[in-house]
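To start, the structure under review is shown below, and the notes come after it.
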Amino acid sequence: MTAIPRQELRFHPMSNGEADARLFSWRGGLYRALAGHKADLCHDLLQKGVIEHLVAKGLLIDTHPTNLTLEPYDLIVLHRSIDFPSYPFEWCGEMLKDATLLICDLQQELAPLGLTLADPHSWNVLFDGSKPVYVDLGSVVPANSVGTKSQLYSFCPFVLYPLLAMSQGQTRIARWLLHDAVVGVREAEFSFLTKERFPELRIPALVAQEGNVWRHIRERAADVTVPLTDTLWSDYSDDVPPLTPCDAWKAKQHNVHRVLCQLLPRTVLDIAANRGWYAQLAATMGSRVVALDTDDAGITRCYADARAKSLSVLPLSMDFTFPAPAYGVGDKRSASATERLQCDLTLTLALVHHLVFKQNRNFEMIVEALTAFSGNWALVEFIPKEDRYVSEWWSERFCWYTLENFIKALGRRFCEFTVLPSYPEPRVMILCKRNEE
């Protein structure tokens, strides 16, 4: 047995309220320290192969016993780390739906064993690429230790209610309410957002229902459709070529492929990804990828593509210039997007001109944002004023908008610049390496 020096570990702030099931990081690994009844239960589930079975079904995070000790805990287990933690307010409706189905499936697997989830809410789910997985092992408890009403007050405001609100076209409001990790979507807000269309799925009606409430919720959730609102960018990537090199590829696609082959980045962040063709390309080449966009239709299509192809792409709804901050005082219960999503390589394609001409950003602002997300390399596209779109927006007040000035601004944070052809001409891409700090 190896004792873990307490001064070497870091407890995870999201488990600070779990005295008998603390999550912590130590020497690059992610562990959970269990005490008392939770330690006994976990040991029993490991011995009987229950955890292995749930992991194999894709319901629970990979968990293994260790020979480590930590006072005053009775059992230390090792969890597989998820590269990119994400939060429910960053998910599209289809991701929240899949998280809902996951929780219901896990509940139904646990029920015959006399077990249940004490906290079946969306903050206990992470996406491993395009696959949701339940990560709070400490939430698994004997079924007789928690009531259905208590579970539903954890589940409905953070999972079911926002999903049903999204099904009624209220995705933006539901997502903002999900920022509140304490309250979520209240019943009154749920009734208002859904125009009282789901009285049978409110907590009192579910508590009163006979039989397996989780099977009932799953059946209803499986039929939910979240409508997509068409925007200017909804059909931006409808005509997509294959993900393998072919004659249909343009110079831009060939050069992004060459960069990926050259750098072999472990992680890639595709900023303003839309449907995520380049994100999917990077994933087929072995990278673990995050795709960001503000267009819900694009993110949803990216998620559907990644899920259908089993690609390691995590699509998130996020504005690159307004990344999610850290939430919470002191322990920062949830980490900032720049901390969670920084990648070896960032792709910023067909975006800079929009930020300048439509959002009034200057080069310095854009470079600072790129720096926050770029671990080692950035590949950023520049579209000069001669471009047919930019020429319509350009005026003398944007005289500073030149490739030379953009590279100069990049030079404050990056180095080793390589200019590559893009498509259509005269667009170019700049590959640059982040300065060591």
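Points to keep in mind about this one:
- Filter result for Arg218 (modelled with pLDDT of 95 or more and either assigned to a loop (DSSP other than H, G, I, E, B) or loosely packed, with under 14 Cβ neighbours inside 10 Å (or both)): no
- The residue of the stretch 284-298 that is farthest from Cys92 (Cα to Cα), among those that are in contact with a Gly (Cβ under 9 Å, 6 or more places away or on another chain), crowded, with 22+ Cβ neighbours inside 10 Å and at pLDDT 95 or above, is Val289.
- Selected residue (only one of Leu163, Leu152, Leu206 is surrounded by 15 or more Cβ atoms within 10 Å (Cβ to Cβ), modelled with pLDDT under 95 and part of a helix (DSSP H, G or I)): Leu206
- Selection status of Gly169, over 23 Å from Ser150 (Cβ atoms), assigned to a loop (DSSP other than H, G, I, E, B), in contact (Cβ under 8 Å) with a residue 24 or more places away in the chain and not polar (S, T, N, Q): yes
- Of all residues in the stretch 1-40, those being within 19 Å of Ala181 (Cα to Cα) and out of contact with any helix residue (DSSP H, G or I) (no Cβ under 7 Å at 6 or more places or on another chain) number 6.
- Within the stretch 422-437, not a single residue is buried (at least 18 other Cβ atoms within 10 Å of the Cβ), under 15 Å from Asn362 (Cα atoms) and in contact (Cβ under 8 Å) with a residue 12 or more places away in the chain.
- Residue match in the stretch 174-197 (condition: of a type in the set (A, V, I, L, M), touching a Gly at 6+ places or on another chain (Cβ under 8 Å) and either outside any loop (DSSP other than H, G, I, E, B) or touching a residue at least 12 places away in the same chain (Cβ under 8 Å) (or both)): yes
The values are calculated or read from the model by the stated rules, or taken from the named source; none is laboratory data. As the structure is a computational prediction, the values presented were derived from the model and not from experiment. Neighbour counts run over all protein chains shown; Cβ positions are idealised from the backbone, glycine included.
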